[in-house]
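What follows is a short report on a single structure.
The values are calculated or read from the model by the stated rules, or taken from the named source; none is laboratory data. Nothing here was measured: the structure is a model prediction, and the numbers come from that model. Methodologically, a virtual Cβ is constructed for each residue, glycine included, from the backbone with ideal geometry; neighbour enumeration extends over all protein chains shown. When the accessible area is computed, the model is the full protein with side chains, heavy atoms only, and any ligands, DNA or RNA have been set aside. Shrake-Rupley method; radii C 1.70, N 1.55, O 1.52, S 1.80 Å.
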Amino acid sequence: MERLSNENLRDNYLRILENIEKAKEKAGRKDTVRLMGVTKTVPTEIINEGISLGLDLIGESKVQEFLGKEQDYKMTETHFIGGLQSNKVKYIVDKVSCIQSVDSLKLAKEISKRATTADKVMDILLQINIGDEASKGGFPKEMLDEALGEISKLPSVRIRGLMTIPPIDGDEKYFSQMNKMFVDIQSKKGDNSNSDNFLWDTLSMGMSGDYEKAIYYGSNIVRIGSLLFGYRNY
Ligand SMILES: *Cc1c(COP(=O)(O)O)cnc(C)c1O
């Protein structure tokens, strides 16, 4: 990977923030859209430079890599966003404030169990496989209601919303479908509002190539790696 100069990182960061504001304006939105810096393969010095610039949300997607570098981060909020095997939950449960990539009941149960042991409640997002792709994780959209019903019974998770990685073809219909699912559940929330473990406020979608479009469809966390930190192989 080409070492990114501070200047480039700063320029990238400011340009992305500006584009986020423009995309919000275009969508007529006044709510907050958070920029997550996705740090796979990015060295900690560069992550820390980003944090110094004001980046306040980090996304890690590989357990091994995360454990190797998290102690060197400056303090910041970190979410886990990658495929997660149940037997790895114990390594990250006390190190992240949200797991965005919950894609099975089994994983949700393990997170709840480990969070209970760690005496915390873990925020989670349910990952949706919106394009029904074999190569991607996530609940099929048809399973969402059932998954929500089961997962909201677990004692130590709090369901905050949905996350997706749409097909590469860039078809806006996937964002539009996600938006509809998110809003539908938001409007039905009354049924679930008796539980402390349901706070439906987060729609995480949009990456380097499509974050502006995602914001148009209501995303409030955009997860950006290459456009912020520079290009790399993965
Ligand atoms: C790598 C990754 C991103 C960021 O991708 P870029 O195209 O580099 O912005 C976002 N979300 C997840 C889950 C990722 O693994």
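Note on the range 50-160: Kirkwood hydrodynamic radius from all Cα pairs is 14.5 Å, rounded to one decimal.
The Stokes-Einstein estimate for the range 133-189, based on a Kirkwood radius over Cα pairs and taken at 20 °C with 1.002 mPa s viscosity, is a diffusion coefficient of 167 µm²/s.
For the chain, the carbon plus sulfur part of the accessible surface works out to 48%, probe radius 1.4 Å. If you take the Cα centroid of the range 87-164 and the Cα centroid of the range 6-74, the two points sit 23 Å apart.
Could you give the dipole magnitude of the chain about its Cα centre, charging the beta-carbon of Lys and Arg +1 and that of Asp and Glu -1, in debye to the nearest 20? It would help to have the intermediate numbers written out before the result.
Numbers: 33 positive and 35 negative charges, 63 e Å.
Around 300 debye, computed over the chain.
For the peptides 56-64, 35-43, 140-148, the ranking by mean Cβ contacts within 10 Å, running from highest to lowest, is 35-43, 56-64, 140-148. When restricted to Cα atoms, the chain yields an Rg and a Dmax of 17.2, 51 Å, respectively.
Contact order normalised by length for the chain, with contacts defined as Cα pairs under 8 Å and 6 or more residues apart; what percent is it?
On the way: 406 pairs, mean separation 52.0, N = 234.
22 percent.
Report ³J(HN,Hα) in whole Hz for each residue of the range 140-148, in order, from the Karplus equation J = 6.51 cos²θ - 1.76 cosθ + 1.60 where θ = phi - 60°; Gly and Pro get x. Each residue's phi maps through the Karplus curve to give x, 4, 5, 8, 4, 4, 4, 4, 4 Hz.
Over the range 84-212, what relative contact order in percent results from Cα pairs under 8 Å that are six or more residues apart? Working shown, then result.
On the way: 200 pairs, mean separation 30.2, N = 129.
Computed value for the range 84-212: 23 percent relative contact order.
Couplings 3J(HN,Hα) of the range 200-215, computed from phi: 8, 9, 10, 10, 9, 7, x, 10, 3, x, 9, 5, 5, 4, 4, 5 Hz, in residue order, whole Hz [Karplus 6.51 cos²θ - 1.76 cosθ + 1.60, θ = phi - 60°; x for Gly and Pro]. Karplus-derived 3J(HN,Hα) values for the range 81-90, using 6.51 cos²θ - 1.76 cosθ + 1.60 with θ = phi - 60°, are 10, x, x, 10, 7, 3, 6, 9, 4, 4 Hz; glycine and proline are entered as x.
Inter-label distance, D94 to M75: 1.7 nm, where each label sits 7 Å from its Cα along the C-beta direction. Two numbers describe the Cα atoms of the range 1-119: Rg and Dmax, which are 16.2, 45 Å.
If R₀ is 30 angstrom, what is the calculated FRET efficiency for the pair K188 and R29, using the beta carbon separation as r and rounding to 0.05? Could the numbers behind the result be given before it?
Values: r = 22 Å, r/R0 = 0.74.
Plugging the Cβ-Cβ distance into 1/(1 + (r/R0)^6) gives 0.85.
Largest accessible area first, the residues Y217, Y13 order themselves as Y217, Y13 under a 1.4 Å probe with ligands, DNA and RNA left out.
With protein chains left intact and a 1.4 Å probe, residues in the chain average 49 Å² of accessible area per residue.
Would you calculate a helix-derived [θ] at 222 nm for the chain, using -39,500 (n - 2.57) for each DSSP H run of n ≥ 4 and dividing by the full residue count, to the nearest 500? List each step's numbers first, then the result.
Values: 9 runs with 89 residues, N = 234.
Value at 222 nm, helices only, nearest 500: -11000 deg cm²/dmol.
Beyond 23 Å, how much of the Cα-Cα pair distribution for the range 99-234 remains, as a whole percent? Could the numbers behind the result be given before it?
Working: 3121 of 9180 pairs.
That fraction is 34 percent.
Out of the DSSP beta bridges found with both residues in the chain, what percent are antiparallel (nearest 5)? Each step should come with its number before you reach the end.
Working: 0 of 28 bridges.
If I count the DSSP bridges inside the chain, around 0 percent turn out antiparallel.
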